[in-house]
């Protein structure tokens, strides 16, 4: 083993678990995820020691490699029919899934929804939107430009929203968002869990710029815990409601600086998905100073409009 392969056991364990999470969300079954990660490591050790020594970020290299393998598998023409079949591959994956730890038991509803996306959309959404891989890395994997990958991820997110959401009145959405805020301010885990659906999922987008959960959080209790931990009351921290993507969301500020923007998907009177944006680059529009208001402009502005941004 050369110096490039000398890694503490804790780091090795976390690295493999991260790669398995990425592959699982890309492909949907533990068995496929295991095979992809094994192949990524085979490619790592298939290089010379000198070549491995030139890789400054092995985990990033492995994640990019695993992502590329997943994308290739998603593009196979017979993959859909194979997954829907009753053959030995599906039976083996079912057995492995039954033995998966609670942390690996991601919402089957959401995974099924991901199956409706194109391979490129799924890759862009999972790799960048969920696991925070850099835009240039995702562009290399998908084979497009960074703006094209951003559009793929946005299109995937809109598709998932449409699949999970049923018509909800603005009044009901506003009331639930305010209940979420109240629960977070009072650190009331029971109240917060009561407004989350049992298979609620939370996504934390740190963009690799701030420390944030690198994978989705699944289940009402786990989502409630993660939100309460993130939004625990601290001096100089505030949490307010604000229009986010046209519906009531939450904005967390520290010293008057927007630190997090939270949007909520609601269906059947419960919150189904929570989208937490922590990436400073995406929050930059929220932290722009308001433009100077001219007297004529102020008179011309329709009543009820807000000066701040209402979308991510």
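Summary table below
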quantity: The listed residue being in contact (Cβ under 8 Å) with a residue 40 or more places away in the chain and more than 19 Å from residue 74 (Cβ to Cβ), out of 176, 213; calculated: 176
quantity: Residue among 180, 138 that is buried (at least 17 other Cβ atoms within 10 Å of the Cβ) and not assigned by TED's automatic domain parsing to the domain that holds residue 207; calculated: 138
quantity: Enumeration of residues in the stretch 255-269 that are modelled with pLDDT of 90 or more and surrounded by fewer than 16 Cβ atoms within 10 Å (Cβ to Cβ); calculated: 257
quantity: Total residues in the stretch 41-55, condition surrounded by fewer than 14 Cβ atoms within 10 Å (Cβ to Cβ) and within 23 Å of residue 70 (Cα to Cα); calculated: 3
quantity: Residue satisfying condition, being at pLDDT 90 or above, touching a strand residue (DSSP E or B) at 6+ places or on another chain (Cβ under 6 Å) and within 24 Å of residue 281 (Cα to Cα), within set 195, 223, 251, 217; calculated: 251
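So that you can scan it fast, the table gives a plain yes or no per residue for (1) under 27 Å from residue 25 (Cβ atoms); (2) out of contact with any helix residue (DSSP H, G or I) (no Cβ under 8 Å at 6 or more places or on another chain):
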| site | (1), (2) |
| --- | --- |
| 153 | yes, no |
| 156 | yes, no |
| 161 | yes, yes |
| 172 | no, yes |
| 179 | no, no |
| 191 | no, no |
| 204 | yes, no |
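The values are calculated or read from the model by the stated rules, or taken from the named source; none is laboratory data. Since the model is a prediction, treat every value here as computed from it, not as a measurement. Cβ sites come from the backbone with ideal geometry, for glycine too, and all protein chains shown count toward neighbours.
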